[in-house]
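Q: Okay, here's the structure, questions in a sec.
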Amino acid sequence: MTEDTASHEWDEQAGPHPVFLRDPATDALVTVCLELAAELWVTRSRLHHLEGLLTVAGRPAGEVLDSKVGKPADAEALAQARDEFVRNIFGSLANLPTS
């Protein structure tokens, strides 16, 4: 069996997710890193645009954001968003085969 054939067989066994490395645990960690990088970029981009809009409106972005953090009305929505965020990022670790 050549390395190309072994790689192809591994891909078929892995299912619908892309496979980067042969070891499932290491591959799952790479997937986590890629998910974190994607989430961080989206967050930075949105924050940049939000701060720009707030500055145009004449209010310092920090002042507006600080007044919104920790409001009880947001607690449930933020908890749901956090849970989804954790599932999206760490989901590949949950799917590792157990010995």
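Q: How do 23-32, 81-90 rank on mean C-beta neighbours within 10 Å, highest first?
A: Result, highest mean Cβ count within 10 Å first: 23-32, 81-90.
Q: Give me P(r) over segment 23-94, computed from all C-alpha to C-alpha distances, binned every 5 Å, as integer percentages.
A: Here the calculated profile for segment 23-94 is 3, 14, 15, 17, 17, 13, 9, 6, 3, 1, 0.
Q: If you take every residue apart from Ala57 with its C-beta less than 12 Å away from the C-beta of Ala57, what net charge results, scoring Lys and Arg +1 and Asp and Glu -1?
A: Net local charge, Ala57 excluded: -1.
Q: Here is a follow-up. Net charge around Ile89, counting only other residues with Cβ within less than 14 Å of its Cβ (Lys, Arg = +1; Asp, Glu = -1)?
A: -2
Q: Net charge near Leu29, counting Lys/Arg +1 and Asp/Glu -1 over other residues with Cβ under 15 Å of its Cβ?
A: Summing Lys and Arg as +1 and Asp and Glu as -1 gives -2.
Read the figures in this text as sums done on the coordinates, not as results from a lab. Keep in mind it's a predicted model, so treat the numbers as computed, not measured. In this analysis, Cβ positions are derived from the backbone assuming ideal geometry, glycine residues included, and neighbour counts consider all displayed protein chains.
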